[in-house]
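**Q** What follows is a structure written as structure tokens; I'll ask about it next.
Only the coordinates and a few stated rules stand behind these numbers; no lab work does. Just so you know, these numbers come straight off a predicted model, no measurement behind them. Positions of Cβ are generated from backbone atoms using ideal geometry, with glycine treated the same way; all protein chains shown enter the neighbour counts.
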Amino acid sequence: MSGSELILKESRYSKWSPRVKALENSIEVDYVQELVQKRGLGRQSTPVHIEAWPWAVKIYSLGRFTILVNNQPASVGRKAQHKPLELLKAIISQGGRDVSEEFLTSALWPDAEGDTARQAFDTTLHRLRKMLVHEQAIHLRDRRISLNPNYCWVDAWALERLISETDTSLANAASDENGTTLAHLSDRIHALYHGRFLGKEFNAAWAISLRERLRSRYLRHILNVGARWQQLGRWGRALECYRKGLEVDDLAEQLYLNLMLCHERLGQRSEALSVYRRCRFVLSVVLGIAPSAETESLYQRLRLNS
């Protein structure tokens, strides 16, 4: 994020920045939410990274798919609302803004054509709007559909925003010498990322691009933040960070290597050797390869010193 973008961000939220700070730090949450709702601030440009903001609709898509309307589970009616939910997932998978009807109909009704496809889309959109209760939560203009960011909060959006803020913090490390800001941002990111976009069981082709992008960004975040903790000599914090990364990708050898280094610096050589054995087993069984020369070299050093 550039300096001008940071200034814009601050001015954009300046009229309620104390409220944002309060919600970011879980201070008087109920009172602040009530104040925001009474003053109608939630109907203006809103801070998309603040989960505790009193959103009309909240959508959790990382490792699960859950919808809250007015902070309560969405009512899906007596019959399963499979198609409206699938429509919402497809909209989010394409960024949630200006998603073309043509894409959505081809993705969700690949065998339908012309008027049949449009009718299916219109009916499903109507059912989705009823489920979300707030008519303004979804816009349809020129046959392109968007989720209204002033009404809808999506965990994937918040994740990407917070990772971008973390990247900015890392690029300006001198302004956060002890890592206080970094720790706060990173904790919020870990709390958001519960797993793959839409969970392990959902494998629609149109979900893959966003799923892989979010996973890749999260893992880069893990490596970048872990490196900063190592630089600060916060080995325990770095170790915790790399462990979280392995929960997402247990084939990432760099995470094993960094974890072994952290254990070594903490004087935990037996734990480091255990990490190596896990690394060797996983890489061998899943990928049919051996650990790299760098990992083997560290292992030999640990083994000789144990």
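**Q** I'd like the FRET efficiency for D122 and W206, computed as 1/(1 + (r/R0)^6) with the beta carbon distance as r and R0 of 25 Å, rounded to 0.05.
**A** Values: r = 20 Å, r/R0 = 0.80.
The formula returns an efficiency of 0.80 here.
**Q** Still on this structure: Can you pull the one-decimal nm distance between simple spin-label points at D98 and L266, each 7 Å off the Cα toward Cβ?
**A** A separation of 4.7 nm, rounded to one decimal place.
**Q** Taking 0.36 nm per residue of sequence separation and subtracting the Cα-Cα distance, how much length would be gained by fully extending the chain between E296 and E113, in nm to one decimal?
**A** Values: separation 183, 0.36 × 183 = 65.88 nm, distance 5.78 nm.
The E296-E113 span can extend by a further 60.1 nm.
**Q** In nm, what is the difference between 0.36 nm times the number of residues separating V133 and R220 and their Cα-Cα distance? Intermediate results must be reported in sequence, preceding the final value.
**A** Numbers: separation 87, 0.36 × 87 = 31.32 nm, distance 3.73 nm.
Gain in length upon complete extension: 27.6 nm.
**Q** Separate question: Rounded, prolate or oblate: which fits the stretch 250-306 when a ≥ b ≥ c are the square roots of the eigenvalues of the alpha-carbon gyration tensor, with rounded for a/c under 1.5 and prolate only if a/b beats b/c?
**A** prolate
**Q** Sticking with this structure for a sec: Tell me, Y276, Y256 in order of fewest to most beta-carbon neighbours within 10 Å? Write down the numbers at each step before the final one.
**A** On the way: Y276 23, Y256 26.
The order, fewest Cβ neighbours first, is Y276, Y256.
**Q** Still on this structure: Run the quick spin-label model on S106 and A227: label points 7 Å from Cα toward the beta carbon, then report their separation in nm to one decimal.
**A** If labels sit at S106 and A227, their model points lie 3.9 nm apart.
**Q** Rounded, prolate or oblate, given the Cα gyration tensor of the stretch 76-199, with a/c below 1.5 counting as rounded? All intermediate terms of the calculation are to be shown ahead of the outcome.
**A** On the way: a/c = 2.85, a/b = 2.51, b/c = 1.13.
Verdict is prolate for the stretch 76-199.
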